[in-house]
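The values are calculated or read from the model by the stated rules, or taken from the named source; none is laboratory data. All figures in this text were calculated on a predicted structure; none of them were measured in a lab. Using ideal geometry, Cβ is built from the backbone for each residue, glycine included, and neighbour counts are taken over all protein chains shown.
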């Protein structure tokens, strides 16, 4: 996709997929949104699925760069890198609300190798967070949590934000990231041995 | 909805709304799934929206009962009640995967008073969790966290589970609830004063 029109088509598809869902959006809906006949769309794009893949790839690149940045400087405390990871993830969602929603929810409409690729990259991103948590466990900075379940919990908190977070509300993505990081970190930082044990049935 | 057929129609709609999305599911899809002509559906149900409302109401009742149960016995430590709240929420999702997905994602297709009602009940459920967290803060059992943001974080962790949790996998809903509760509780329980402070940029 290289023509100026194709960028406009992608933006229209992003808004429609986010609002109506991918399956319920027709090529006619997209054509109407950019003032073209449905048949003329094919001069600019190959298929509706191609548009979904394009949107997903954009957001995915932002997330993967976030993960790489959090892993890069191993001399930095894991807690600080986790704080950056969480804040940046929330910022990506804040800056790309429609495409983040499409990325997080509509990927399941993909099939075949596109679906495989989405799953592989999702696992890669999650794997970066698992590595970061494992580093913190290994260095003694974090207590001996299960890095996979902890990564899932962290990603749940930051991903679910697309359903309720409004960047024009009172909390910036960075403020929200600080709140969530404090909550998660205090949960995964090595507790003082004399700390009161929480009761468990 | 009282006829045996209407239960079958509701189950078919649940599966279709979960798999294809509400907007992309036609009355013909639902009719095909239960072996009726589309026109005959109206002998049993009023509209597609009515089916969505019915599914949402079922899951909502389960969640609200969970919230009420967690609030009921104020003599029980807040941490134990939070553990029950989290485990039961996950169990509801595990027992009702398709309808939970519809409840958590497809409600945005509702309009007017149905949408208002969904929002009001969602706020009510979140409010129950906020009250529980506030009780723990007031009693000194939890540190002075923001109960609203903490409730959002807890609900994010348990809600996002519908996207990845498989009840037939190695973890029961109860095991998963214990993991998540330990993670969240150790983050919100009053830390020992001498506990190592986590660095913050």
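Values computed for the structure shown
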quantity	calculated
Breaking point among (1) more than 8 Å from chain B (Cβ to nearest Cβ); (2) part of a helix (DSSP H, G or I), for residue A:168	(2)
Hey, residue B:199 over 20 Å from residue A:142 (Cα atoms), facing another protein chain (nearest Cβ under 7 Å) and either at pLDDT 90 or above or assigned to a loop (DSSP other than H, G, I, E, B) (or both) or not	no
Single unsatisfied condition, residue B:81 versus (1) surrounded by fewer than 16 Cβ atoms within 10 Å (Cβ to Cβ); (2) part of a helix (DSSP H, G or I)	(1)
Qualifying positions in the stretch A:138-154 - without any contact (Cβ under 8 Å) to a residue 40 or more places away in the chain and either touching a strand residue (DSSP E or B) at 6+ places or on another chain (Cβ under 8 Å) or within 13 Å of chain B (Cβ to nearest Cβ) (or both)	A:144, A:146, A:147, A:148, A:149, A:150, A:151, A:152, A:153
Checklist (1) modelled with pLDDT under 90; (2) out of contact with any strand residue (DSSP E or B) (no Cβ under 9 Å at 6 or more places or on another chain) applied to residue A:50, failing item	(1)
Residue match in the stretch B:49-71 (condition: in a loop (DSSP other than H, G, I, E, B) and surrounded by fewer than 19 Cβ atoms within 10 Å (Cβ to Cβ))	no
Residue that is in contact (Cβ under 8 Å) with a residue 12 or more places away in the chain and under 19 Å from residue A:114 (Cα atoms), where the choices are A:71, A:41, A:52	A:52
Test result for residue A:22, on the phi < 0 side of the Ramachandran plot and over 23 Å from the mean Cα position of the chain (by Cα)	no
Candidates A:93, A:86, filtered to the one that is touching a helix residue (DSSP H, G or I) at 6+ places or on another chain (Cβ under 7 Å), in a helix (DSSP H, G or I), outside the structural domain of residue A:17 (by TED's automatic domain parsing) and under 30 Å from residue A:9 (Cβ atoms)	A:93
Filter pass, residue B:137 being more than 30 Å from residue B:27 (Cβ to Cβ), surrounded by fewer than 22 Cβ atoms within 10 Å (Cβ to Cβ) and modelled with pLDDT under 90	yes
Unmet criterion (only one of (1) assigned to a helix (DSSP H, G or I); (2) more than 17 Å from residue B:184 (Cβ to Cβ); (3) away from every other protein chain (no Cβ under 14 Å); (4) touching a residue at least 40 places away in the same chain (Cβ under 8 Å)) for residue B:102	(3)
